Amino acid sequence: MAHYQDQWGNPVTASGDDAVTALDRTIMAYLGFRLDTGNHLKDALKADPEMPLALIYSGFFFLLFCHPKMHAKGLAARDHAAMVVAATDVSSRERQCMAALDAWADGDWHRAAAAFENILLDHPLDAMALRLSHYLHFYLDGGRAMRLSSARVLPFWTMDQPGAGYVQAIHAFGLEENGEYAAAERHARAAIEINPSDLWGIHAGAHVMEMQGRHRDGIGWISAQADNWASGTNNFRFHVWWHRALFHLELGEHATVLDLYDREIRAESTEEYLDITNGTALLWRLEQHGVNVGDRWVELADRSAERVGDHLLCFADLHYAMAFGATGRAADSQALLDAMRRGNVDETCAQGTVYRQVGIALSEAMIDARAGLHDRVVDVLLPLRHQFALVGGSHAQRDIFERVLLESALAAGRSTLARSLAAERIDQKPTSPYNWQAHARALELAGDADAAASAMQRATVLAA
Ligand SMILES: [Fe+2]
């Protein structure tokens with residue numbers, strides 16, 4: 001083993017230069033959501049089967065799946081990496097990276113994120129530490145730490161460094177989740193200028209347009225870049241198509257949404273949690289818009305049933321609950337809720353805490369919403385809504401829970417609450433036809449027919 005530097009000048013221990021350059025390629029491919037990421041990592045491990053950082057990264061990659069089989073491989077990779085790190089004269093950076101993997105594998109996502117942040121203090125050009133802490137912050141606190149993390153390293157990145165565009169994209173998304181839309185868009189555009197196939201940059205820009213209700217801009221933004229990112233990238237591309245579908249949905253272009261669902265978003269019946277959440281969240285919204293989605297729920301519920309006992313990511317489980325609720329699968333719903341109540345009671349397990357604080361109640365509410373228990377859903381969700389961010393995910397993704405609260409208030413005949421919730425939404429996104437339609441329905445319920453007609457007219461004009 002010898003000490004090298006990676007292409008950013010970070011210390012790395014390996015038996016030879018080939019392994020180091022293969023790991024550099026791995027990092028670039030991972031940042032770009034490239035399908036060949038695993039191949040580059042295999043190259044690194046082929047060149048040096050005991051390369052500490054390559055073994056550690058393989059552990060992260062397995063854990064990122066949030067899938068039991070992959071999780072088991074992640075734990076095995078952790079053990080292997082720990083043995084090698086203990087027996088090797090590695091840098092402090094690599095030791096801290098091992099500590100991050102240890103914490104993550106033990107379920108302590110907060111400690112893992114802190115380890116990455118610690119690495120970044122001394123090694124702000126460690127793009128993997130930045131990207132992985134970005135991921136953990138995304139599912140831990142709803143975004144503030146994510147936005148600060150990238151801000152701290154930004155001064156050290158110049159545009160000519162490899163991966164500089166990816167860092168722009170990471171910062172863009174953190175800014176967007178914190179409501180700093182103009183700055184977020186600037187950074188997203190900077191990312192795409194450097195690298196037009198940067199999925200995270202496209203995604204960050206799409207989020208800005210989603211939050212600002214710029215539906216047509218969003219369709220144009222995603223479509224204009226599609227030739228660049230639609231091939232060679234992993235399943236995250238389905239999520240970008242999901243964003244495009246949301247824009248079409250707002251415009252009432254339901255046939256286009258269903259077409260995107262069938263051709264891109266759910267063309268393959270995959271078991272990846274993000275893919276299932278995309279499908280579930282879209283079918284649910286379509287039905288809120290009065291669209292008949294046919295038998296599409298069945299495939300999602302079947303896939304969700306395979307993952308009932310995972311208990312690795314609350315955000316994913318919530319969507320499995322939605323699929324069971326939508327298909328009326330009481331036994332699967334019960335099994336999922338039982339698993340949520342049973343698992344991860346250790347206080348250091350970040351996801352276990354999320355389940356207990358909000359996940360179980362939220363899952364029950366989503367199931368109840370489909371069972372027509374509207375009052376109960378309102379009574380559970382209303383006091384819980386300011387904690388929705390604890391489940392992680394983006395504002396756009398969590399909006400489904402806000403929508404369920406509003407729809408349940410409408411269905412329960414609670415007109416003043418529904419009117420207030422719709423007014424909130426209009427204030428946040430005045431160009432949303434859905435928000436005006438919901439407001440119209442609430443006003444109708446409250447007996448204000450003239451105001452309801454006016455709100456509906458507004459919705460029609462916005463969708464035209
Ligand atoms: Fe997104």
Relative contact order of the range 421-463, pairs being alpha-carbon contacts under 8 Å that are 6 or more residues apart, as %: 39 percent
Which net charge results for the neighbourhood of ASP36, defined as the other residues with beta-carbon distances under 11 angstrom from its beta-carbon, given Lys and Arg at +1 and Asp and Glu at -1? +2
Using only DSSP helix segments of four residues or longer, with each worth -39500 (n - 2.57), what per-residue ellipticity at 222 nm results for the chain after dividing by its residue count and rounding to 500? -22500 deg cm²/dmol
Among THR353, ALA339, LEU300, whose Cα sits farthest toward the positive end of the charge dipole of the range 295-362 (+1 at Cβ of Lys/Arg, -1 at Cβ of Asp/Glu, about the Cα centre)? THR353
Taking the full set of protein chains and a 1.4 angstrom probe, give the accessible area of HIS80 in square angstrom, rounded to the nearest 10. 60 Å²
Taking 8 Å as the Cα distance limit and 6 or more residues as the minimum spacing, I'd like the relative contact order of the chain as a percentage. 11 percent
How far, in degrees from 0 to 90, does helix 109-122 lean away from the longest principal axis of the Cα atoms of the chain, to the nearest 10? 50 degrees
Taking every pair of Cα atoms in the chain, average 1/r, invert it to obtain the Kirkwood radius, and report Rg/Rh to two decimals. 0.98
Considering only protein heavy atoms and a 1.4 Å probe, what is the carbon-and-sulfur percentage of the accessible area of the chain? 52 percent
What relative contact order, as a whole-number percentage, does the range 357-401 give when Cα pairs under 8 Å and 6 or more residues apart are counted? 38 percent
Using +1 at the Cβ of each Lys and Arg and -1 at the Cβ of each Asp and Glu in the chain, identify which of ALA464, ALA423, VAL153 lies farthest towards the dipole's positive end. ALA423
Once each part is reduced to its C-alpha centroid, what is the distance from the range 78-139 to the range 193-251 in angstrom? 30 Å
Could you give the angle, 0 to 90 degrees to the nearest 10, between helix 164-177's Cα long axis and the longest principal axis of the Cα atoms of the chain? 30 degrees
In terms of the charge dipole of the chain, which places +1 on Lys and Arg and -1 on Asp and Glu at the beta carbon, the residue among LEU381, ALA103, ALA412 farthest towards the positive end is ALA412
Give me the 1.4 Å probe accessible area per residue for the chain, excluding ligands and nucleic acids, in Å². 37 Å²
Quick one: which residues, 5+ away or cross-chain, put their amide H under 5 Å from the amide H of THR233? H built at 1.01 Å from N. LEU35
Taking a straight Cα-to-Cα line shorter than 22 Å from LYS69, and setting aside same-chain lysines fewer than 8 residues away, one finds LYS42
Going by the alpha-carbon gyration tensor, a ≥ b ≥ c the square roots of its eigenvalues, is the range 421-463 rounded (a/c under 1.5) or, if a/c is not under 1.5, prolate (a/b greater than b/c) versus oblate? oblate
Using only the heavy atoms of the protein chains and a 1.4 Å probe, how would TYR166, TYR320 rank by accessible area, largest first? TYR166, TYR320
Mind running the shape call on the range 1-123? Use the C-alpha gyration tensor, a ≥ b ≥ c as the square roots of the eigenvalues: rounded below 1.5 for a/c, prolate if a/b tops b/c, oblate otherwise. rounded
Does anyone have the angle between helix 360-370 and the longest principal axis of the chain? Alpha-carbon axes, 0 to 90°, nearest 10? 40 degrees
Compare the peptides 330-338, 16-24, 275-283 by average per-residue count of other Cβ atoms within 10 angstrom and give them in order, highest first. 275-283, 16-24, 330-338
3J(HN,Hα) from dihedral phi, the range 273-284, Karplus parametrisation 6.51/-1.76/1.60, rounded to Hz, x for glycine, proline: 4, 5, 5, 5, 5, 4, x, 4, 5, 7, 4, 4
Mind putting a number on the dipole of the range 421-463 about its Cα centre? Charges go on the C-beta only, +1 for Lys and Arg and -1 for Asp and Glu, and I need it in Debye to the nearest 20. 180 debye
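The values are calculated or read from the model by the stated rules, or taken from the named source; none is laboratory data. Nothing here was measured: the structure is a model prediction, and the numbers come from that model. All Cβ positions, even for glycine, are placed from backbone atoms using ideal geometry, and neighbour counts span all protein chains on display. Protein only, heavy atoms only, side chains kept; ligands, DNA and RNA dropped before computing areas. Shrake-Rupley method; radii C 1.70, N 1.55, O 1.52, S 1.80 Å.
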